[in-house]
Amino acid sequence: MATLFEKICTGEIPADIVYQDEVCVCFRDINPGAPTHVLLVPRKAIPRLAMAQEDDAALLGHMLLTVGKVARLLGVDESGFRLVINNGPHAGETVPHLHMHILGGRDLEWPPG
């Protein structure tokens, strides 16, 4: 059964997409935790970061480089942003499909959560 994020990646479910390429899709979070809050999702369904394999290294590197592109596109590259990857239910993972939260547009507290 396809995850919610797989359905967004294929266009089956609409989303406010801010960036996409052949590897990943980035869209606005429907429950934002900051003025800028987007999710970067690989088109390949990997349940969580800890389940990524050696052959996913290029995909993961591409996603990290894409974070910078998206931050520049959304205007939070210079003021600052936070990148969050939740891994498992105790970390707040609600969709079992690897994704990166890019949050910015306000001062972010530390420690989080």
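The values are calculated or read from the model by the stated rules, or taken from the named source; none is laboratory data. Because the structure is a prediction, the values reported are computed rather than measured. Positions of Cβ are backbone-derived with ideal geometry, glycine not excepted, and every protein chain shown enters the neighbour counts. Note: areas computed on protein heavy atoms with side chains; ligands, DNA, RNA excluded. Shrake-Rupley method; radii C 1.70, N 1.55, O 1.52, S 1.80 Å.
Summary of computed values
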{"read-out": "Positions within the stretch 61-113 being at pLDDT below 95, open to solvent by 70 Å² or more (accessible area, probe 1.4 Å) and of a type in the set (Gly, Ala, Ser), in sequence order", "value": "113"}
{"read-out": "Number of the condition not met by residue 43 [criteria: (1) under 30 Å from residue 106 (Cα atoms); (2) touching a residue at least 60 places away in the same chain (Cβ under 8 Å); (3) not hydrophobic (A, V, I, L, M, F, W, C)]", "value": "(2)"}
{"read-out": "Residues of the stretch 30-58 satisfying the condition of being assigned to a loop (DSSP other than H, G, I, E, B), open to solvent by less than 30 Å² (accessible area, probe 1.4 Å) and under 17 Å from residue 96 (Cβ atoms)", "value": "46, 52"}
{"read-out": "Some residue of the stretch 3-14 being hydroxyl-bearing (Ser, Thr, Tyr), open to solvent by 40 Å² or more (accessible area, probe 1.4 Å) and assigned to a helix (DSSP H, G or I)", "value": "yes"}
{"read-out": "Filter result for residue 88 (small (Gly, Ala, Ser), touching a Lys or Arg at 6+ places or on another chain (Cβ under 9 Å) and within 17 Å of residue 41 (Cα to Cα))", "value": "yes"}
{"read-out": "Near pairs, Cβ below 8 angstrom, 6+ apart or cross-chain, from the stretch 64-82 (among the acidic types (Asp, Glu)) to any residue that is surrounded by fewer than 15 Cβ atoms within 10 Å (Cβ to Cβ)", "value": "77/68"}
{"read-out": "Boolean, residue 38 is closer than 22 Å to residue 17 by Cβ, touching a helix residue (DSSP H, G or I) at 6+ places or on another chain (Cβ under 7 Å) and of a type in the set (A, V, I, L, M)", "value": "yes"}
{"read-out": "Selection from the stretch 15-29 of residues that are assigned to a strand (DSSP E or B), more than 13 Å from residue 46 (Cα to Cα) and touching a residue at least 12 places away in the same chain (Cβ under 8 Å)", "value": "18, 19, 25, 26, 27, 28"}
